[in-house]
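Step one of this worksheet: look at the structure below.
The values are calculated or read from the model by the stated rules, or taken from the named source; none is laboratory data. These numbers were taken from a predicted model, which means no experiment stands behind them. Here the Cβ positions follow ideal geometry from the backbone for every residue, glycine too, while neighbour counts run over all protein chains shown. Keep in mind that these areas ignore ligands, DNA and RNA; they rest on the heavy atoms of the full protein, side chains included. Shrake-Rupley method; radii C 1.70, N 1.55, O 1.52, S 1.80 Å.
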Amino acid sequence: MSTNGDVLIQVKEVHKIFHDSLHALNGVSEEILRGEVVVIVGPSGSGKSTFLRSLNLLEVPTTGKIFFEGVDITEKQTDIDKHRQKMGMVFQHFNLFPHKTILENITLAPIKLLKKSKEEAEKQAMQLLKQVGLEEKAASYPSQLSGGQKQRIAIVRSLAMEPDVMLFDEPTSALDPEMVGEVLELMKKLAHDGMTMVVVTHEMGFAKEVATRVLFMDEGQIKEQGRPEEFFENPKDPRLQEFLSKIL
Amino acid sequence: MLQTFQKKFYTNFIEDDRWKYIWEGLGVTLQVTLFAVLLGIVIGFLIAVVRSTYDKTGKLKVLNLICNVYLTVIRGTPVVVQLLIIYFVIFGSVNISKIPVAIMAFGINSGAYVAEIFRSGIMSIDNGQFEAGRSLGFSYAQTMVYIVMPQAFKNVLPALGNEFIVLLKETSVSGYIALQDLTKGGDIIRSRTYDALMPLLAVALIYLIMVIVFTKLVNILERRLRNSEH
Ligand SMILES: Nc1ncnc2c1ncn2[C@@H]1O[C@H](COP(=O)(O)OP(=O)(O)OP(=O)(O)O)[C@@H](O)[C@H]1O
Ligand SMILES: [Mg+2]
């Protein structure tokens, strides 16, 4: 039985090199514990997305290992598709399926991958839609939704797989300012319900309020980390001090 | 004037039921075009799958190489030469009727062009769609089948319609293997009546009408697809 505090994801000495020269990750080791809400901040190009995307192997590390629920997913023989079912991912640009209705967007994976019946999957989807207040959009297509609604649907689509962790890559960066709030609200609710989350974001308010831990990435490394109070009140790394002074 | 027209019309089309050359030739042309397009779609689809799988994952290296050779050869040589080679060289020693040979030749030729249509269709789908599929736990193949292909196919439908129109005209060289298609039908009448103008004009007119009609249909399809976002 798994409980809060267990190691959910373990990253060991990961390097990622693009095009034989660009060192996007430069020796990253980290553990994500069950129940944590880890927020990653850092300047543009520092490797935040690359780190997040390597957690579910959308980026394959050049060297190093990543364990998810005790299994080495960087091992060639590992069935990565099976493990990805347990790791939801939310993208900056939503990536809803435009040729499918909202309901189909949500039920596709549970039906095809978890072998749920259509009725069962739709019932679950409607419950989730109700929780985010978008039931009446079930039959709509993504193009008929606002950005904030699209992102909330994208989150619901991931939740329908009942993941053990949710990965967010700048989920509010593509949104009009007036829509950021509704997405952050939903993410806060998820955190309160105990979902393990790893979130790359520029929303420092969210980090301060919701994060259990904040990581600062710079030049492909995690340069500093801590609980939000000490991270924001008392930064030690000079690059972090400079970064915080620019954005706060 | 009118009388000479009537007389010519009579000798070219009515006498000895010569209109049948045109009518039956039209049937052959449509039959060859339709099945060649279908064959081209099958071949083109398979090649596009191989090539985009290689592009995205680096797998299927050998198959990809074979596909590239095929594309280079087919697009680098005239379709008439391909038709002649298939009929006289490949099937030279076997007794085979000409329609399947023509379908095969034009289908293999069309496949090279359809492959590029499909490939650009697949490439036009935002990589985020692919990543969303993979991150939910779909395999590469499942992501292609459930998410990428349906969108790509919709995008390339008009281009496939155009390929049909292109092929409709290209099959007019079928006469090189003595297949009696629409063009050959008109040509046979010409050789019987020694009147070139009327039968060939009729043939040209029939092609033109078909092309105009099919172009119109493709345009309607295109507009429909553009208006329905999904
Ligand atoms: N697929 C790729 N191919 C080549 N280089 C890449 C690729 N993905 C990322 N990089 C490079 O790796 C480095 C780290 O990029 P990454 O996207 O992880 O940064 P980031 O911290 O997420 O930045 P941002 O805040 O702008 O999103 C950058 O220099 C980027 O240009
Ligand atoms: Mg990024």
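Please enumerate, by chain and number, the aspartates and glutamates with C-alpha under 13 Å from the C-alpha of B:Lys169, excluding those fewer than 8 residues away in the same chain. Within the straight-line limit of under 13 Å, B:Lys169 reaches these aspartates and glutamates: B:Asp181. Could you compute the net charge surrounding A:Ile102? Neighbours are other residues with a C-beta less than 12 Å from the C-beta of A:Ile102; K and R count +1, D and E count -1. Value of the local net charge: +1.
Positive end of the dipole of the range A:7-155 (Cβ unit charges, origin at the Cα centre): among A:Val90, A:Val39, A:Ile106, the Cα lying farthest that way belongs to A:Ile106. Mean per-residue shielding of peptide A:88-95 is 4, counting Cβ atoms of other chains within 10 Å of each Cβ.
Given R₀ = 25 Å, FRET efficiency for B:Ile99-B:Tyr207 by Cβ-Cβ distance, to 0.05? Display every interim value, and only then the final one.
Working: r = 19 Å, r/R0 = 0.76.
About 0.85, to the nearest 0.05.
Within the range B:185-230, the residues that become at least 20 Å² less accessible when every protein chain is included than when their own chain is isolated (1.4 Å probe; DNA, RNA and ligands ignored) are B:Glu229, B:His230. Against chain A, whose longest principal axis is taken from its Cα atoms, helix A:177-192 shows a tilt of about 90°. In plain terms, the chain from A:Glu209 to A:Gln127 could stretch by 26.8 nm, reckoned as 0.36 nm per residue minus the Cα-Cα distance. Over all pairs of different C-alpha atoms in the range B:165-230, the reciprocal of the mean inverse distance, the Kirkwood hydrodynamic radius, equals 13.7 Å. With contacts taken as Cα pairs under 8 Å at a separation of at least 6 residues, the range B:23-159 carries a relative contact order of 34 percent. Summing charges over neighbours of A:Met217, with a neighbour being any other residue whose Cβ is under 12 Å away from its Cβ, gives -2 when K and R count +1 and D and E count -1.
For peptide A:99-106, what's the mean number of Cβ atoms from other chains within 10 Å of each residue's Cβ?
Working: counts 10, 5, 1, 0, 0, 0, 1, 0.
Taking the mean over all residues of the peptide, I get 2.
Across the range B:130-143, computed HN-Hα scalar couplings (Karplus, 6.51 cos²θ - 1.76 cosθ + 1.60, θ = phi - 60°) run 5, 5, 4, x, 4, 5, 6, x, 6, 6, 4, 5, 4, 4 Hz from first to last residue, x flagging Gly and Pro. Considering only alpha-carbon pairs that sit under 8 angstrom and 6 or more positions apart, the relative contact order computed for chain A is 26 percent. Taking Cα atoms only, the orientation of helix B:61-76 departs from the longest principal axis of chain B by about 30 degrees. Taken over the range B:23-159, the alpha-carbon convex hull comes to 123 cubic angstrom per residue. Sites listed here are trypsin sites (Lys or Arg not before Pro) in the range A:8-89 whose DSSP assignment is loop and whose Cβ has at most 12 other Cβ atoms within 10 Å: A:Lys76. May I ask which of A:Lys130/A:Lys189; A:Lys48/A:Lys236; A:Lys100/A:Lys188; A:Lys118/A:Lys189; A:Lys223/B:Lys56; A:Lys16/A:Lys208 have a Cα-Cα span longer than 23 Å here? Distance filter (> 23 Å) returns A:Lys100/A:Lys188; A:Lys118/A:Lys189; A:Lys223/B:Lys56; A:Lys16/A:Lys208.
Here the protein assembly as shown carries DSSP beta bridges of which approximately 55% are antiparallel, counting only pairs with both residues inside. Converting phi to 3J(HN,Hα) with the Karplus coefficients 6.51, -1.76 and 1.60 and the offset θ = phi - 60°, the range B:104-119 yields 5, 4, 6, x, 5, 5, 4, x, 5, 7, 5, 4, 5, 4, 5, 5 Hz in sequence order, with x at every glycine or proline. Considering only beta bridges that DSSP places wholly inside the range A:164-248, some 50 percent are antiparallel.
Could you compute the FRET efficiency for B:Ile14 and B:Glu116, with r as their C-beta to C-beta distance and R0 at 51 Å, rounded to 0.05?
Numbers: r = 46 Å, r/R0 = 0.90.
E(calc), rounded to 0.05, equals 0.65.
Residue-wise HN-Hα couplings along the range B:82-89, as the Karplus relation 6.51 cos²θ - 1.76 cosθ + 1.60 with θ = phi - 60° gives them from phi, are 4, 4, 5, 5, 5, 6, 8, 9 Hz; Gly and Pro carry x. Remark: relative contact order (the range A:10-50) = 36 percent; criterion is Cα-Cα distance under 8 angstrom and separation of 6 or more residues.
B:Ile147: net charge of surrounding residues, Cβ under 15 Å, Lys/Arg +1, Asp/Glu -1, itself excluded? It works out to a net charge of +3.
Set the Förster radius R0 to 22 Å, insert the Cβ-Cβ distance between B:Asp55 and A:Phe18 as r into 1/(1 + (r/R0)^6), and round the FRET efficiency to 0.05. It would help to have the intermediate numbers written out before the result.
On the way: r = 17 Å, r/R0 = 0.77.
The calculated FRET efficiency here is 0.80.
Across chain B, counting alpha-carbon atoms alone, Rg and Dmax equal 21.8, 77 Å.
Using the Kirkwood radius over Cα pairs, work out the Stokes-Einstein diffusion coefficient for the protein assembly as shown at 25 °C and 0.890 mPa s, in µm²/s as a whole number.
This corresponds to a translational diffusion coefficient of 92 µm²/s.
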